[in-house]
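The values are calculated or read from the model by the stated rules, or taken from the named source; none is laboratory data. As the structure is a prediction and not an experimental result, all values here were calculated from the model. Cβ atoms come from the backbone with ideal geometry, glycine included; neighbour counts cover every protein chain shown. Ligands, DNA and RNA are stripped out before the accessible areas are found, and what is left, the full protein with its side chains, is counted by its heavy atoms. Shrake-Rupley method; radii C 1.70, N 1.55, O 1.52, S 1.80 Å.
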Amino acid sequence: YINNGKLYVRRLDSWEPIEIPETDGCAAPFWSPDVSWLAFMQGRNLWKIRPDGTQRTLICTATEGFSRVTGGAWLTGDRIVYRGKTDLMVVPATGGTPSTFVAAKGINAVDFHEPDALPGGEGLVTVVHRKPGVDTISLVSVDGAVDSLITIPGGELGHPCYAASGHLLFNNGPDIWAVRISLADRKILGDPFSVARGAVVP
């Protein structure tokens with residue numbers, strides 16, 4: 001979690017948090033599928049570091065910087081996908097030059113918001129922003145195929161993430177909503193419903 005602009009990790013069997021060094025001004029932390037690495041954005045740089053604060057490694061520098069609605073997803077094949085200026089970008093987790101993973105114009109979108117990995121890095125979930133039109137929450141497979149899942153006319157969607165209960169959580173305006181989802185079938189089960197008012201998905 002981020003506190004006062006710095007990144008911390010706390011084990012569930014300890015009260016004492018571990019401050020990750022040199023993370024002032026960081027944003028959008030996310031885990032590798034095996035939770036052996038933690039990645040985060042800082043300025044124009046994407047870094048990875050061990051949860052104990054060692055082996056800090058620069059993955060790439062984003063020439064366009066990172067948006068306030070950025071996010072990252074560490075996928076299988078040791079690849080990291082993040083939201084660039086408008087497109088979803090991909091870069092090897094070992095470091096390298098980013099390239100386009102999914103182009104927004106290729107699916108008639110303006111841009112993507114807050115990509116987040118699915119369990120085991122088997123794809124990601126993201127908000128596809130279209131204008132004019134309504135936002136959709138979509139699944140993106142490891143090969144870049146995009147499937148729309150949720151469209152709520154008039155809704156302002158954000159922060160989608162998968163929960164271990166088998167639900168997809170997301171913000172709809174100022175509230176948290178949820179919907180059951182089948183990852184195997186790549187479809188939702190039932191209708192989205194409100195679960196918390198005046199709250200934000202972390």
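Every residue in segment 28-69 that is open to solvent by 20 Å² or more (accessible area, probe 1.4 Å), within 19 Å of Asn3 (Cα to Cα) and not in a strand (DSSP E or B), please. Gly43, Arg50, Pro51, Asp52, Arg68 - these are the residues of segment 28-69 that are open to solvent by 20 Å² or more (accessible area, probe 1.4 Å), within 19 Å of Asn3 (Cα to Cα) and not in a strand (DSSP E or B). I need the full set of residues from segment 12-27 which are outside any strand (DSSP E or B), open to solvent by 50 Å² or more (accessible area, probe 1.4 Å) and either touching a residue at least 12 places away in the same chain (Cβ under 8 Å) or touching a strand residue (DSSP E or B) at 6+ places or on another chain (Cβ under 8 Å) (or both), in order please. Pro17, Pro21, Glu22, Asp24, Gly25, listed by residue number. Candidates His159, His167: the one that is at positive phi, surrounded by 15 or more Cβ atoms within 10 Å (Cβ to Cβ) and at pLDDT 90 or above is His159.
Of all residues in segment 115-140, those satisfying the criterion of being outside any strand (DSSP E or B) and free of Cβ contacts under 8 Å to residues at least 40 places away in the same chain are Arg130, Lys131, Pro132, Gly133, Val134, Asp135.
From the list Val127, Val140, the one residue that fits, being at pLDDT 95 or above, open to solvent by less than 40 Å² (accessible area, probe 1.4 Å) and within 18 Å of Val81 (Cβ to Cβ), is Val140. Contact map, segment 154-180: first residue under 22 Å from Asp111 (Cβ atoms) and in a loop (DSSP other than H, G, I, E, B), second residue polar (S, T, N, Q) and open to solvent by less than 60 Å² (accessible area, probe 1.4 Å), Cβ cut-off under 8 Å, separation 6 or more or different chains; pairs are Gly155/Asn172; Glu156/Asn171; Glu156/Asn172.
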